[in-house]
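Accompanying notes for the structure given below.
The values are calculated or read from the model by the stated rules, or taken from the named source; none is laboratory data. Computed from a prediction, not measured in an experiment: that's the story for all the values here. Cβ: placed from backbone, ideal geometry, glycine included. Neighbour counts: every protein chain shown.
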Amino acid sequence: MARPPAGGLFSEGEGKRPLAARMRPTQLKDIVGLGDLLAESGWLKAALAAGHLPSMVLYGPSGTGKTTLARILAVESQSAWVGMNAVTATVQDLRQVLAESRQRLSVEGKTTILFLDEIHRLNRAQQEVLLPDVEDGSVVLIGTTAGNPFFDISRALLSRVRTVAFVPLSEAEIATIVDRALTDEGHGLGAWKLALEPSARTVLVRLCGGDARVALNLLEAAATRRHAAGGDTVSAQDVEDTRQGVYASYDQAGDEHYHTISAFIKSVRGSDPDAAMVWLAKMLELGEEPRFIGRRLAILAVEDIGLADPDALPYAMAAVQGLELIGMPEGALLLAAATMRLALAPKSNSAAMTLGAARKVVEAYGRLTVPAHLRNLSGQAKRDADADDYRYPHGFPGHWVDQNYWPEGVPRSALYRPATSGQEPELNRRKPGPTKLP
């Protein structure tokens, strides 16, 4: 790529493009990050050298270089490039591109890279259209997604591609990208001769959340402000003053979504209300669906609190129902109160553990036979099955009678292990019994 003339900051038209677009690497050696993938001894360099670039799915948060890598691979492999967005691509569109790719390979001997952004949005029929051409190499598919492809892409397609995980860039990597943009006189801001205060760099790196695009957009805004004011040093205050909201990488279908809700759940389970509220605030600030948070709170109430505090589930459900009635932003207070209530509650996972133990019994013994006296029979069928032995508990003192409820032919075992916290010990103490082994 030719550099703009030295006489001005940018060539005509170049300065109208965002800094992040101008600074996009055009060669593999210029990419920051992806050390293992781009190592000289790695499989990608070997594939390029051999002229056999495999189809692949690049997944990870935005601003980590997925599209940049795909474009550079097209150039370095001397392949034709066809870019599409999976949201708008139809089966007919895909069939046409695949037919043209086969023709190009047959006539020109040139491979086509079909770049599919948001590949997780392809439906099953669209994915099936790709299978034969991806498998026989008529086209090289490079798909990108912010989510986890193992959730959204069929096994058939995944078995024909290599999956490459991208992670948020480190602080050092972001700092390298920022410094490069600040000093590059061709595509960057070098002609302005601006310096960046160390504190400004720290703030910028913190705000961008490992997203290079966000970092460059924020740098451009702060530098433009300082240059227009006639200054020569970008301060932390310049960065703070030009931010719009919290800059962080968060996609409701992506890994950061799952990482954050996982941290939220584990903080509540670990009885840390302060940390739980931080993760709740992050999700709300970055646009997480409030009803999703409410559903997770309801699950937490039974999975991690359960019988230690039987009132936790009604409290959580009241918050969920109140959220539907009140809406946002006031509904955030309901989620906050429920989060605090559950984080502070005594914990028990006995319901989940007992269910898990019961499932193992079912897995071990398969079809479980219901004892005759527990079957739903009437009339002659009931007499034939000798099912008249059922004893109605409410007809006995204390509304309990000793009888067998366990499947026939299965050794009895104690599945329920009561927790020792909260109300569960008292609930267990009040349980009639013990039921005798069959």
* To do: Find the residue count for region 20-67, including only residues that are within 22 Å of residue 146 (Cβ to Cβ) and either surrounded by fewer than 19 Cβ atoms within 10 Å (Cβ to Cβ) or hydrophobic (A, V, I, L, M, F, W, C) (or both).
  => 17
* Using the structure shown, decide if residue 176 is hydroxyl-bearing (Ser, Thr, Tyr), crowded, with 18+ Cβ neighbours inside 10 Å, touching a residue at least 40 places away in the same chain (Cβ under 8 Å) and not in a loop (DSSP other than H, G, I, E, B). => no
* Just to be sure, is residue 418 modelled with pLDDT under 80, surrounded by 11 or more Cβ atoms within 10 Å (Cβ to Cβ) and part of a loop (DSSP other than H, G, I, E, B)? -> no
* Structure fact -> For region 141-169, pairs from a residue that is within 26 Å of residue 208 (Cβ to Cβ) and in contact (Cβ under 8 Å) with a residue 12 or more places away in the chain to a residue that is basic (Lys, Arg) and assigned to a helix (DSSP H, G or I), with Cβ under 6 Å and 6 or more apart or across chains, are 144/66; 166/66
* **Members of region 74-104 found to be of a type in the set (A, V, I, L, M, F, W, C) and either in contact with a strand residue (DSSP E or B) (Cβ under 7 Å, 6 or more places away or on another chain) or in a loop (DSSP other than H, G, I, E, B) (or both), listed by number** => 74, 80, 81, 82, 84, 86, 87, 89, 97
* Given 91, 87, 107, which one is more than 26 Å from residue 153 (Cβ to Cβ), surrounded by fewer than 18 Cβ atoms within 10 Å (Cβ to Cβ), out of contact with any Pro (no Cβ under 9 Å at 6 or more places or on another chain) and among the hydrophobic types (A, V, I, L, M, F, W, C)? -> 107
* Those helices (runs of 4 or more DSSP H) lying entirely in region 294-383 with at least 1 residues under 20 Å from residue 280 (Cα atoms) and either in contact (Cβ under 8 Å) with a residue 12 or more places away in the chain or in the same structural domain as residue 409 (by TED's automatic domain parsing) (or both) -> 312-326, 331-344
* To do: Quickly run through region 236-259 and pick out the residues that are at pLDDT 85 or above and either surrounded by 18 or more Cβ atoms within 10 Å (Cβ to Cβ) or in contact with a Ser or Thr (Cβ under 6 Å, 6 or more places away or on another chain) (or both).
  => 236, 238, 239
* Asked: Which of the residues spanning region 75-108 are under 31 Å from the mean Cα position of the chain (by Cα) and within 15 Å of residue 138 (Cα to Cα)?
  -> 81, 82, 94, 95, 97, 98
